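Written below as structure tokens is the structure these notes are about.
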Amino acid sequence: MDAVMVTIDSAVKLVNKFLWDYALIFLLVGTGVFFSLRLGFVQIRRFGTGMKKMFGGFSLHGKNHKDGLSSFQALTTAIAAQVGTGNIAGAATAIASGGPGAIFWMWLSAFFGMATIYAEAILAQKTRETKDGQLVGGPVYYIRYIFKGGFGKFLAGFFSVAIILALGFMGNMVQSNSIGVSFANAFGVPAWTVGICVALVAGVIFLGGVQRIARVTEKVVPLMALFYIVGCAIILFMNGSGVVQAFHDIFVGAFNPQAVMGGALGVGVQQAMRYGVARGLFSNEAGMGSTPHAHAIAKVDHPADQGIIAMMGVFLDTFIILTLTALVILSTGVLGTGLTGSELAQVAFDSAFGSFGKIFIAICMLFFAFTTIIGWYFFGEVNVKEMFGKKAVRVYAVLVILFVLVGANLKVDLVWNMSDMFNGLMVLPNLIALLAGSGIVAGLHKEYQKKHKKH
């Protein structure tokens, strides 16, 4: 049995290497470049509009819609999924493996990713449906809209299975484990205790439906972002000169890693690019087909309105949260200690906050991971309902709660690797549909531009 598991694990790692180190980097970035050109660099031209919409719609007590969400609630639900443990561990892994220059490539991929997520949100809005009095939408709907017949059904089914496994089940195990480990390190609390608490609270939220999920995310997401930003800002203020050096290392390291690393880690430009792009895309989820489920049900005047605000999710995730993590790690001088992932981030915060560093990370992990669990549950639920019907949702909710409970107590590398694999696989049908439906996106974008000739 052990030999079989080892063989499966090796095969999954091989698939992941192909997907995340090569195929998806070119496919996702290529798609972002394509939409950036076709839509006239909408991420630049409509950035100001997006900021105004995000802050203009800000509310901790948004208006309740019986059949959908407010635009801001849709954004916070999407950000809940985007801003997860990857914003701490992902940035650290990218720097440790690809050097400081990886952050530059992370920025570049996110820049193009903003155009991709704009297209995703527009298609999701255009193809959404009303079922049982509720708005629903996402890749499964626009895939079938674009591809009629058997091929469309196959692609949609493939996507649904992949996202349910990747996010609903395995991904949520990863997130709950991060909470369990961080609380055990910071407070000495047994992981199983944390797992029970997280599972119970999550269950109450799950069973309340999308409106309850939205009411939680609109309150928690802004607070968690503010808490993390303030904590990082304090460290950066304490290490002022280190911040200047950090930016220097990022830009120099992007094109000449040896000038920064001194050859010690053997990092090359290709490695910096690979890790920066891969970890950035994995974190902000642009092109992966997850966040369109939230953006589809926003109550807006035009699909492009939600496309514009969707771009702000990528901006906040990568250019703000991930960048702050990177600057903390680089400015505190902990790079090169041999650590990676969350351990490297932990040491960076400890060096500035002392014993409070572990507590700070634990609280951030709780916020980041828990909101991701909520967002990922919802994305999976849409696909469960579409594939198996409304009655299957309760079964799905119970299974996710069990996976959250088990995940907090048990880390199995195979499950983690399979989560990455299905995350990568669900991208493929989504990108095929996005590219095939680019004409629809361009048409709606042009329509919106005519209505707002100011820009």
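The values are calculated or read from the model by the stated rules, or taken from the named source; none is laboratory data. In this text the structure is predicted, and so the values were computed from the model without any measurement. All Cβ positions, glycine included, derive from the backbone under ideal geometry; neighbour counts span all protein chains shown. Only protein heavy atoms, including side chains, enter the accessible area calculation; ligands, DNA and RNA are left aside. Shrake-Rupley method; radii C 1.70, N 1.55, O 1.52, S 1.80 Å.
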Discussion item. Quick check on my filter: what residues within region 326-359 are at pLDDT 85 or above and within 21 Å of the chain's Cα centre (by Cα)?
Written reply: Ala326, Leu327, Val328, Ile329
Worksheet item: Does at least one position in region 10-33 carry a residue that is assigned to a helix (DSSP H, G or I), among the aromatic types (Phe, Trp, Tyr) and modelled with pLDDT of 85 or more?
Response: yes
Response to the item:
From the option list Phe206, Phe183, Phe159, single residue qualifying as closer than 21 Å to Gly341 by Cβ, aromatic (Phe, Trp, Tyr) and buried (at least 23 other Cβ atoms within 10 Å of the Cβ) is Phe183
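Scan region 382-392 and give yes if some residue there is buried (at least 21 other Cβ atoms within 10 Å of the Cβ), of a type outside the set (A, V, I, L, M), touching a residue at least 60 places away in the same chain (Cβ under 8 Å) and under 26 Å from Ala102 (Cα atoms), otherwise no. I'd like the intermediate steps shown before the answer.
First, the residues of region 382-392 that are buried (at least 21 other Cβ atoms within 10 Å of the Cβ): 382-384.
In the following step, the residues that additionally are of a type outside the set (A, V, I, L, M) were identified as 383.
Applying the additional criterion that residues be touching a residue at least 60 places away in the same chain (Cβ under 8 Å) yields 383.
Filter again for under 26 Å from Ala102 (Cα atoms), leaving none.
Within region 382-392, not a single residue is buried (at least 21 other Cβ atoms within 10 Å of the Cβ), of a type outside the set (A, V, I, L, M), touching a residue at least 60 places away in the same chain (Cβ under 8 Å) and under 26 Å from Ala102 (Cα atoms).
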Item to complete: Among the numbered conditions (1) modelled with pLDDT of 90 or more; (2) open to solvent by less than 40 Å² (accessible area, probe 1.4 Å); (3) under 30 Å from Ile359 (Cβ atoms), tell me where Gln175 comes up short.
Response: (1)
Worksheet entry | Flag if Ile320 is crowded, with 24+ Cβ neighbours inside 10 Å and in contact with a helix residue (DSSP H, G or I) (Cβ under 9 Å, 6 or more places away or on another chain) | no
Worksheet item: Out of curiosity, is Gly424 out of contact with any helix residue (DSSP H, G or I) (no Cβ under 9 Å at 6 or more places or on another chain) and over 17 Å from Pro292 (Cβ atoms)?
Response: no
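Any chance region 64-83 includes a residue that's crowded, with 24+ Cβ neighbours inside 10 Å, of a type outside the set (Phe, Trp, Tyr), modelled with pLDDT under 80 and in a loop (DSSP other than H, G, I, E, B)?
In the first step, residues of region 64-83 are kept if they are crowded, with 24+ Cβ neighbours inside 10 Å; the result is 69, 72-83.
Then keep just the ones that are of a type outside the set (Phe, Trp, Tyr); that gives 69, 73-83.
Right, trim to modelled with pLDDT under 80 and you get 69.
Now drop any that are not in a loop (DSSP other than H, G, I, E, B), which leaves none.
Within region 64-83 (the criterion being crowded, with 24+ Cβ neighbours inside 10 Å, of a type outside the set (Phe, Trp, Tyr), modelled with pLDDT under 80 and in a loop (DSSP other than H, G, I, E, B)), the answer is no, since none of the residues qualifies.
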Worksheet item: Of all residues in region 8-45, which are crowded, with 17+ Cβ neighbours inside 10 Å, closer than 18 Å to Trp107 by Cα and over 19 Å from the mean Cα position of the chain (by Cα)?
Response: Phe34, Phe35, Ser36, Val42
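Hey, any hits in region 332-339 for a residue that's surrounded by 19 or more Cβ atoms within 10 Å (Cβ to Cβ) and either of a type in the set (Val, Ile, Thr) or under 21 Å from Ser290 (Cα atoms) (or both)?
So far as region 332-339 goes, yes, one or more of its residues are surrounded by 19 or more Cβ atoms within 10 Å (Cβ to Cβ) and either of a type in the set (Val, Ile, Thr) or under 21 Å from Ser290 (Cα atoms) (or both).
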Fill in: Failed condition for Ala298, given (1) within 16 Å of the chain's Cα centre (by Cα); (2) crowded, with 24+ Cβ neighbours inside 10 Å
(1)
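Can you name every residue in region 134-145 that is in a helix (DSSP H, G or I) and crowded, with 22+ Cβ neighbours inside 10 Å? Give the steps one after another, and end with the answer.
So in region 134-145, the residues in a helix (DSSP H, G or I) come out as 139-145.
Scanning region 134-145 gives Pro139, Val140, Tyr141, Tyr142, Ile143.
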Worksheet entry | Pair list, Cβ < 8 Å and 6+ apart or interchain, from region 35-57 residues that are in contact (Cβ under 8 Å) with a residue 60 or more places away in the chain and part of a loop (DSSP other than H, G, I, E, B) to residues that are open to solvent by less than 60 Å² (accessible area, probe 1.4 Å) and among the small types (Gly, Ala, Ser) | Leu39/Ala115; Leu39/Ala119; Leu39/Ala442; Phe41/Ala115; Gly57/Ser70; Gly57/Ser71
Practice prompt. Among the residues of region 89-133, write down those that are under 21 Å from the mean Cα position of the chain (by Cα), open to solvent by 10 Å² or more (accessible area, probe 1.4 Å) and not polar (S, T, N, Q).
Written response: Ala89, Ala96, Phe104, Trp105, Trp107, Leu108, Phe111, Phe112
Discussion item. Taking the criterion of being more than 24 Å from Ala278 (Cα to Cα), touching a residue at least 12 places away in the same chain (Cβ under 8 Å), open to solvent by 10 Å² or more (accessible area, probe 1.4 Å) and not in a helix (DSSP H, G or I), would at least one residue in region 363-375 satisfy it?
Written reply: no
Worksheet entry | region 224-246, subset without any contact (Cβ under 8 Å) to a residue 12 or more places away in the chain and over 29 Å from Phe370 (Cβ atoms), residue surrounded by the most Cβ atoms within 10 Å (Cβ to Cβ) | Val244
